[in-house]
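The values are calculated or read from the model by the stated rules, or taken from the named source; none is laboratory data. A quick note: this is a predicted structure, and the numbers were derived from the prediction, not measured. Note: ideal-geometry Cβ built from the backbone for every residue, glycine included; neighbour counts use all protein chains shown.
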Amino acid sequence: MPTIEFRDVVKRFGGHTVLDGLDFSVDRGERVTLIGPSGSGKTTILRLLMTLEDLTDGFILVGGEPLTHELRNGRRVEVPAKRKKQITRRIGMVFQQFNLFPNMSVLENVTEAPVHVLGMKKTEAKDKAMGLLRQVGLEEKADEHPSRLSGGQQQRVAIARALAMDPEILLLDEVTSALDPELVDDVLNVLREVADTTDITMLIVTHEMQFARDVSHRVLMFDAGRIVEDGAPEMIFTAPRNERTKTFLRAIL
Ligand code: ADP
């Protein structure tokens, strides 16, 4: 069963149609990278999944359950806010700009949601957080404030924070785009390890094509809110069929 399903999804910002009847699905445990020119709707897809944007039309299902709207007696009805929250709780997101809580320590950033959203005991959340900080190589920074960390370190904390909720799905939105080049590899290596050691479903937006090639099972090429090519990374990166994929890859590789 697919764990993410977009059915005829439409998203407009004012009069601007960003997604126009988008259909795709992602299987449980699958890692899918979205590529394509800037403005083609990739980030919007991730934000719709987190319910950070409202859907204009269509349906999104997570684990077979409607995320925002469902059909009842032939009518499109909004899913109650409480239900939406229960679903998005199973989804973690890492943003381009880290978005750590600036007034909390690194450790508090990682324990906040497990304690306040899941009701985990503080000691248990702390143990788990320390384990995750060790995994991302930042155990010794637990008591620092985010502003004292490099961008790469902040991003690794953001990854630990997302993993602390044991997400079924992890959304990565250009997580290395804001980093100095020498900090990119540390972040990507942490994510490679997550990919190697867990079965978390991942939806990845990135311009790091080698990373996409290494970790993805499938690559979707977007252009103007539509999928123009869908295939295994070896196929998309070495023998793309679509002209727009070829032009896009030629420009960035
Ligand atoms: P990508 O991630 O592929 O670069 P985005 O999903 O960020 O594309 O954006 C797709 C289009 O939607 C762009 O034209 C962008 O300007 C527009 N857009 C995104 N967010 C908003 C918003 N909050 N208000 C208005 N337009 C937006």
- Restricting region 45-87 to residues that are outside any loop (DSSP other than H, G, I, E, B), without any contact (Cβ under 8 Å) to a residue 60 or more places away in the chain and of a type in the set (Val, Ile, Thr), which is nearest to the ligand (Cβ to nearest atom)? Ile60
- Query: Considering region 180-216 alone, what residues qualify as being in a helix (DSSP H, G or I) and within 16 Å of the ligand (Cβ to nearest atom)?
  - Reply: Met209, Ala212
- Message: I'm trying to understand the selection: among the residues of region 83-104, which are more than 19 Å from Asp166 (Cβ to Cβ) and surrounded by fewer than 16 Cβ atoms within 10 Å (Cβ to Cβ)?
- Response: Arg83, Gln97, Asn99, Phe101, Pro102, Asn103, Met104
- Mind checking which pairs have a first residue in region 1-18 that is closer than 15 Å to Asp57 by Cβ and away from the ligand (no atom under 16 Å from the Cβ) and a second that is of a type in the set (D, E, K, R) and modelled with pLDDT of 95 or more, Cβ under 8 Å, 6 or more apart or different chains? Arg7/Asp23; Asp8/Asp23; Asp8/Asp57
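Please specify each residue of region 1-60 satisfying the condition of being of a type in the set (Gly, Ala, Ser), surrounded by fewer than 17 Cβ atoms within 10 Å (Cβ to Cβ) and touching a Lys or Arg at 6+ places or on another chain (Cβ under 9 Å). Please lay out each step first, then the result.
Just the residues of region 1-60 that are of a type in the set (Gly, Ala, Ser), to begin with: 14-15, 21, 25, 29, 36, 38-41, 58.
So of that shortlist, the ones also surrounded by fewer than 17 Cβ atoms within 10 Å (Cβ to Cβ) come out as 14-15, 21, 25, 29, 38-39.
Scanning region 1-60 gives Gly21, Ser25.
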- Message: Taking the condition of being small (Gly, Ala, Ser) and either touching a strand residue (DSSP E or B) at 6+ places or on another chain (Cβ under 6 Å) or under 14 Å from Leu133 (Cβ atoms) (or both), how many residues in region 153-194 meet it?
- Response: 4
- Task: Considering (1) touching a strand residue (DSSP E or B) at 6+ places or on another chain (Cβ under 6 Å); (2) away from the ligand (no atom under 12 Å from the Cβ), say which one Ile35 fails and leave the rest.
- Result: (2)
